[in-house]
Each structure stands twice: as structure tokens, then as C-alpha cells.
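Below is one structure, written out as C-alpha cells; the observations come after it.
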Amino acid sequence: RAGAHTDYGALTILKTGGPGLQVRRDVATDNEQEEENWIDAPDAVDGFIVNVGDMMRRWTNDRWASTLHRVVAVQDTDNTGVDDRRQSVA
């Protein structure tokens, strides 16, 4: 659905609406190399997720980092055939 990316604006507000959104976290291994580790964003009923974007990172002199995230395709688990598209405002 959407490959790994950061958003270019200050903030992105996403209405939660099921699984699929993942956030990357860098984890140091024993060799002190960073490996990719994707975490599923929580799905809160009637909730919102706020991603910090590249502009906010610049405004805060890298104090607030841009959120690297992706949207992965998930199967229709309730067999309704309904396309539950994500809604976001950037």
C-alpha cells in the first residue's frame, strides 16, 4: 500500500481504522549495528495517531524526529469485502 517513508509536513493526523500502519524502530544488536524493526501501531476505537514530519524535525533542530512508517496490506479478516481505507490529514 505505501512503502517506508517520512512525511514532509509538520504533523500528520491519522484516524485509526484497523491494522496496517507500522512504525520503524532502530534496535542496536550485539554487533552494535542497527537493524530494522517494524512495530504495528495500536488500533484504538475512535482514536488518532499523530506522526511528526520532516518540517517539525527541522523546526526543533532534530529534537523531535520524523516518524519513519509504512502501510502494509492486511487481509479482510471479517470477510465483509469492504475496503477500509485509511484517512489522514497532512
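The values are calculated or read from the model by the stated rules, or taken from the named source; none is laboratory data. Please read all numbers here as calculations on a predicted model, not as lab measurements. Virtual Cβ from ideal backbone geometry, glycine too; neighbours counted across all protein chains shown. Side chains are part of the model used for accessible areas, which takes the heavy atoms of the whole protein and leaves out ligands, DNA and RNA. Shrake-Rupley method; radii C 1.70, N 1.55, O 1.52, S 1.80 Å.
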Note to self: Through the Karplus equation 6.51 cos²θ - 1.76 cosθ + 1.60, θ set to phi - 60°, convert the phi angles of the range 13-21 into ³J(HN,Hα) values in whole Hz; use x for Gly and Pro.
What the structure shows: 10, 10, 7, 5, x, x, x, x, 7
Note to self: Could you check the spin-label model distance between residue 74 and residue 59? Points 7 Å from the Cα along Cα→Cβ, value in nm.
What the structure shows: 3.0 nm
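If we sort 39-52, 7-20 on the protection proxy, mean other Cβ atoms within 10 Å, highest first, what's the order? All intermediate terms of the calculation are to be shown ahead of the outcome.
On the way: 39-52: 12.5, 7-20: 15.5.
The packing order, highest mean first, is 7-20, 39-52.
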Margin query: Modelling each spin label as a point 7 Å along the Cα-to-Cβ direction, I'd like the residue 40/residue 4 distance in nm, to one decimal.
Written below: 2.0 nm
Check: How much accessible area does residue 64 have with a 1.4 Å probe, in Å² rounded to the nearest 10?
Finding: 130 Å²
